[in-house]
Amino acid sequence: MQRLPGVGPKSAQRLALHILKRPEAEVEALAQALVDAKKQIGLCSVCFHLSAEPVCEICRNPNRDNQTICVVADSRDVIALEKTREYKGKYHVLGGVISPMDGIGPEQLNLQPLVRRVSQQKPQEVILAISPSIEGETTTLYIGQLLKPFTKVTRIAFGLPVGGDLEYADEVTLARALEGRRELD
């Protein structure tokens with residue numbers, strides 16, 4: 001259990017003890033559900049988001065805006081953006097970020113399919129929605145250089161969270177907040 005992301009030793013112990021207390025049929029059903037999910041869920045052939053079909057629901061949806069592609073590191077980012085109900089375009093999931101320390105270079109990411117997709121479909125805009133870590137910044141800059149010959153490339157704004165206090169924000173966050181400022185409506 002401890003191998004799962006975000007599960008420490010105490011949580012792993014609690015989960016294991018809980019599972020051991022459950023009826024055998026319930027534990028078998030849980031195990032079978034995990035095996036079935038692993039077998040049935042793959043990646044969309046267009047955007048590389050998780051999907052039980054060859055092409056995911058978002059890519060198949062004719063009501064989505066084909067002129068905008070939002071590039072994210074992984075499927076968790078798609079899920080987070082979809083929860084906002086603000087973005088109406090399509091996605092492209094990289095499958096990670098460039099991280100030389102972890103042995104992840106551009107070749108390990110879904111970058112060539114992205115370049116091919118953008119050069120062929122010619123969307124009006126590609127939005128880079130990648131976390132602002134060192135690896136995320138490297139990935140963002142790299143993708144920007146690859147895609148600028150084909151289309152407009154933007155990135156999501158960064159800054160202070162709602163309810164955050166200026167005095168507790170670090171310098172980089174404050175600088176980004178100032179850079180991303182906009183005129184009041």
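Only residues that are modelled with pLDDT of 95 or more and either among the charged types (D, E, K, R) or assigned to a strand (DSSP E or B) (or both) were counted in the stretch 83-98, giving 6. Could you tell me which residue of the stretch 55-78 is nearest to Q120 (Cα to Cα), considering only residues that are in a helix (DSSP H, G or I) and open to solvent by 90 Å² or more (accessible area, probe 1.4 Å)? Applying the filter and picking the extreme gives R60. Restricting T139, T84 to residues that are within 16 Å of the chain's Cα centre (by Cα) and farther than 26 Å from N61 by Cβ narrows the list to T139. Total residues in the stretch 137-147 satisfying the condition of being open to solvent by 70 Å² or more (accessible area, probe 1.4 Å) and either in contact (Cβ under 8 Å) with a residue 12 or more places away in the chain or not in a helix (DSSP H, G or I) (or both): the figure is 1.
Among the residues of the stretch 148-176, just one is in a helix (DSSP H, G or I), charged (D, E, K, R) and surrounded by 14 or more Cβ atoms within 10 Å (Cβ to Cβ), namely R176. Scanning the stretch 32-49 for residues that are in contact with a Leu (Cβ under 7 Å, 6 or more places away or on another chain) and either assigned to a strand (DSSP E or B) or loosely packed, with under 10 Cβ neighbours inside 10 Å (or both) yields one hit, L43.
Considering Q2, Q40, Q67, the condition of being touching a residue at least 24 places away in the same chain (Cβ under 8 Å) and farther than 16 Å from P113 by Cβ is satisfied by Q67 alone.
Within the stretch 99-136, the set of residues being among the β-branched types (V, I, T), open to solvent by less than 10 Å² (accessible area, probe 1.4 Å) and more than 13 Å from the chain's Cα centre (by Cα) comprises V118, V126.
Listed here are the residues, each with its yes/no results for (1) at positive phi; (2) surrounded by 11 or more Cβ atoms within 10 Å (Cβ to Cβ); (3) of a type outside the set (G, A, S).
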residue	(1), (2), (3)
Q2	no, yes, yes
G6	yes, no, no
A16	no, yes, no
E53	no, yes, yes
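The values are calculated or read from the model by the stated rules, or taken from the named source; none is laboratory data. The structure presented is a predicted model; accordingly, all values stated were derived computationally and were not measured. In this analysis, Cβ positions are derived from the backbone assuming ideal geometry, glycine residues included, and neighbour counts consider all displayed protein chains. Please note that ligands, DNA and RNA were not included when accessible areas were found on the heavy atoms of the full protein model with its side chains. Shrake-Rupley method; radii C 1.70, N 1.55, O 1.52, S 1.80 Å.
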